[in-house]
Amino acid sequence: MSARVFRSRRVVTPEGIVAACVVVQDGAIVSLEPHGAPLAVTDELGDTALLPGVVDTHVHVNEPGRTEWEGFATATAAAAAGGVTTIVDMPLNSIPATNDAEALRAKVRAMAGQLTVDVGLWGGVVPGNAGALEGLAVDGALGFKCFLSPSGVDEFGHVGESDLAAAMPTIARLALPLLAHA
């Protein structure tokens, strides 16, 4: 695939705002070149700011099962409209809740053909599912979420000390994060 070259007088970098050309190959930035570099510019942005996209790690997409609340098509289109390039979906509002590998695979199937931005998935830690955590990780969960108080949905129970004691050795071995809603 040929490179795309975005040129702007307002490219936001870690060093500040600069006039530059951003060269993108296969969806990744491969270089930052001077504004006047002799490149085949594919996207001339003038004074339009060119900046990194936002990653939102706490999104509730309710598909499958509660798509009328919010589904992947609308959630990712809204994210893109706001400059968000990646969302990470919470495990609790879907039916089934994303508490085992099969539920995660159901969520992945539900995404097919609907995404406007990249999507990652959290897996759930609920009472009695410590044995399912490794399968969630193998199938792509980026980490885990638990509630220490009622979550508000029946499908996602809150955990206590004994549940965490059962889950934490696996989570530690997998070296994945655990988010705890206190």
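A few remarks follow.
- Restricting the chymotrypsin sites (Phe, Trp or Tyr not before Pro) of region 112-182 to loop positions (DSSP other than H, G, I, E, B) with no more than 14 neighbouring Cβ atoms within 10 Å leaves nothing.
- Placing LEU121, LEU164 in order of accessible area, with the largest value first and a 1.4 Å probe, yields LEU164, LEU121.
- For region 109-115, 3J(HN,Hα) per residue [Karplus equation, 6.51 cos²θ - 1.76 cosθ + 1.60, θ = phi - 60°, Hz, x = Gly/Pro]: 4, 5, 6, 3, x, 10, 8
- Computed lengthening from ALA110 to ALA49, 0.36 nm per intervening residue step minus Cα-Cα distance: 18.5 nm
- Seen from ARG10, the other residues with C-beta closer than 14 Å to its C-beta sum to a net charge of -2, counting Lys and Arg as +1 and Asp and Glu as -1.
- Residue-by-residue Karplus 3J(HN,Hα) for region 122-129, coefficients 6.51, -1.76, 1.60, Hz, glycine and proline x: 8, x, x, 10, 10, x, x, 10
- Only the Cβ atoms of Lys and Arg (+1) and of Asp and Glu (-1) were treated as charged; on that basis the dipole of the chain about its Cα centre amounts to roughly 320 debye.
- Selected from VAL54, MET90, LEU104, residue furthest toward positive end of dipole (region 13-114; charges at beta carbon): LEU104
- Under 14 Å, Cβ to Cβ, from ALA167 - net charge with Lys/Arg +1 and Asp/Glu -1: -2
- PHE6 accessible area, assembled protein chains, probe 1.4 Å, Å²: 40 Å²
- Sulfur and carbon atoms: percent of accessible area, region 85-159 [1.4 Å]: 55 percent
- Gaussian network model of the chain, Cα within-10 Å springs - most flexible of VAL12, VAL84, VAL54: VAL12
- Quarter of the Cα convex hull surface for the chain, i.e. its orientation-mean projected area (nm²): 12.6 nm²
- Peptides 63-70, 37-44, 168-175 ranked from most to least packed by the mean count of surrounding Cβ atoms within 10 Å: 63-70, 168-175, 37-44.
- Net charge of neighbours whose Cβ lies under 10 Å from the Cβ of HIS60, counting Lys and Arg as +1 and Asp and Glu as -1: -1
The values are calculated or read from the model by the stated rules, or taken from the named source; none is laboratory data. In this text the structure is predicted, and so the values were computed from the model without any measurement. Because the Cβ atoms are built from the backbone with ideal geometry, glycine has one as well, and the counts that use them run over all protein chains shown. All accessible areas refer to the heavy atoms of the entire protein, side chains included, with ligands and DNA or RNA removed. Shrake-Rupley method; radii C 1.70, N 1.55, O 1.52, S 1.80 Å.
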